[in-house]
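Working notes, beginning with the structure itself.
The values are calculated or read from the model by the stated rules, or taken from the named source; none is laboratory data. Just so you know, these numbers come straight off a predicted model, no measurement behind them. With ideal geometry, Cβ positions are generated from the backbone for all residues, glycine too; neighbour counts draw on all protein chains shown. We work out accessible area using only protein heavy atoms, side chains counted, and drop any ligands, DNA or RNA first. Shrake-Rupley method; radii C 1.70, N 1.55, O 1.52, S 1.80 Å.
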Amino acid sequence: MKIAICVKQVPDSWAEKKMLNGLLDRASVDAVLNELDEYAIEEALRIVEPLNAGGATHSITLISMGPDRASEAIRKGLSMGADEAILVSDPSLVGSDALATSKVLAKVISEGGFDLVFCGTESTDARMSVIPAMLAERLGWAQLTFAGTVKVDAASSSVEIARMSESGVEVMSAALPCVISVIEKINEPRYPSFKGIMAAKKKIITTKSLGDIGLSAGEVGMSGAWSAVIDAKARPPRDKGIKIEDSGDGGLKLAEFLQERRLI
Ligand SMILES: Cc1cc2nc3c(=O)[nH]c(=O)nc-3n(C[C@H](O)[C@H](O)[C@H](O)COP(=O)(O)OP(=O)(O)OC[C@H]3O[C@@H](n4cnc5c(N)ncnc54)[C@H](O)[C@@H]3O)c2cc1C
């Protein structure tokens, strides 16, 4: 079984972000591996490790689209235990929207002979939560999203997940190949060990240009984008709020406050 995991390098959640010419200025802030993708890596490792311990040779490949420095985030995934990685990096990709991103990732996946693709549920920067579904649609594969548990049956080439939704838990299954997105409650991602960090230094990250994967500049980036950021404003600072002193009539004042705002 060949497993691919889509991993994204994102600006550090704590960094102060700015817009530059309608795009998020990613270059000026620290960047990290999208935290939610660590759960996808951990889950794939938990599936593969026991099988490989029994002599099988299942592999895990990280796939990322991003600038050259995305290799730093990829290295973290490799140090957790993934085997190798593919990074699609090309100046024409700047300004790519979700449709373009999914086009690039799907192209790489379709040429890699993968049985299973794992994603996080969302990136911590753009947070659209659309890439897993777009990938499945482009690949013509089943999608099992928001998985809280994953059980792969290698013998019958099928996978079963528990899908966590607001209304409850749905148990769903699909034949491989398929795309799975996992939620953060699924596991506790491991910290890379010293041995893992050292091993990751020798693992191969194959960098591909747009031409290498058979796409042209007009299909991606600003020129190929179906969506555009029209305007962006920093969120106004929060008001101090209103403090209600309780000198016996606190409850009444609180009720009046809520009533004025039609909250009760
Ligand atoms: C007009 C416009 C211009 C943009 N320009 C840029 C830009 O210049 N640079 C830029 O970085 N972003 C840019 N973006 C944002 C970019 O399009 C989104 O980050 C991207 O489409 C993925 O969406 P998301 O981050 O919301 O992913 P989600 O759908 O929230 O992510 C779900 C999962 O998909 C996978 N995934 C998502 N993105 C990637 C990736 N790149 N590589 C591997 N796996 C991934 C991960 O597993 C992730 O957990 C732009 C967006 C718009 C609308």
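Checking each residue of region 52-67 against the condition of being touching a residue at least 60 places away in the same chain (Cβ under 8 Å), within 14 Å of the ligand (Cβ to nearest atom) and of a type in the set (Ser, Thr, Tyr) gives no match. Among the residues making up region 112-123, a single one is surrounded by fewer than 22 Cβ atoms within 10 Å (Cβ to Cβ), within 28 Å of Gly55 (Cβ to Cβ) and not small (Gly, Ala, Ser): Asp115. Please specify each residue of region 124-134 satisfying the condition of being farther than 16 Å from Ala174 by Cβ and surrounded by fewer than 21 Cβ atoms within 10 Å (Cβ to Cβ). Within region 124-134, Thr124, Asp125, Ala126, Arg127, Met128, Ser129, Val130, Met134 meet the criteria. Scanning region 29-51 for residues that are open to solvent by 70 Å² or more (accessible area, probe 1.4 Å) and either within 11 Å of the ligand (Cβ to nearest atom) or among the charged types (D, E, K, R) (or both) gives Asp30, Glu35, Arg46, Glu49.
Pairs linking a residue in region 217-232 that is free of Cβ contacts under 8 Å to residues at least 60 places away in the same chain to a residue that is within 11 Å of the ligand (Cβ to nearest atom), with Cβ atoms under 6 Å and 6 or more positions apart or on different chains, are Gly218/Gly224. Across region 101-128, the qualifying residues are those that are part of a helix (DSSP H, G or I) and in contact with a strand residue (DSSP E or B) (Cβ under 9 Å, 6 or more places away or on another chain), and the one among them that is nearest to the ligand (Cβ to nearest atom) is Thr101.
Yes or no, residue by residue, for (1) of a type in the set (S, T, N, Q); (2) part of a strand (DSSP E or B); (3) open to solvent by 50 Å² or more (accessible area, probe 1.4 Å); (4) over 23 Å from Leu23 (Cβ atoms):
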{"residue": "Ala136", "(1), (2), (3), (4)": "no, no, no, yes"}
{"residue": "Thr145", "(1), (2), (3), (4)": "yes, yes, no, yes"}
{"residue": "Thr149", "(1), (2), (3), (4)": "yes, yes, yes, yes"}
{"residue": "Val159", "(1), (2), (3), (4)": "no, yes, no, yes"}
{"residue": "Val169", "(1), (2), (3), (4)": "no, yes, yes, yes"}
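Among the residues of region 193-215, those that are among the β-branched types (Val, Ile, Thr) and not in a loop (DSSP other than H, G, I, E, B) comprise Ile197, Ile205, Thr206, Thr207, Ile213. Tallying residues that are touching a Gly at 6+ places or on another chain (Cβ under 9 Å) and either without any contact (Cβ under 8 Å) to a residue 40 or more places away in the chain or assigned to a strand (DSSP E or B) (or both) within region 172-192 yields 3.
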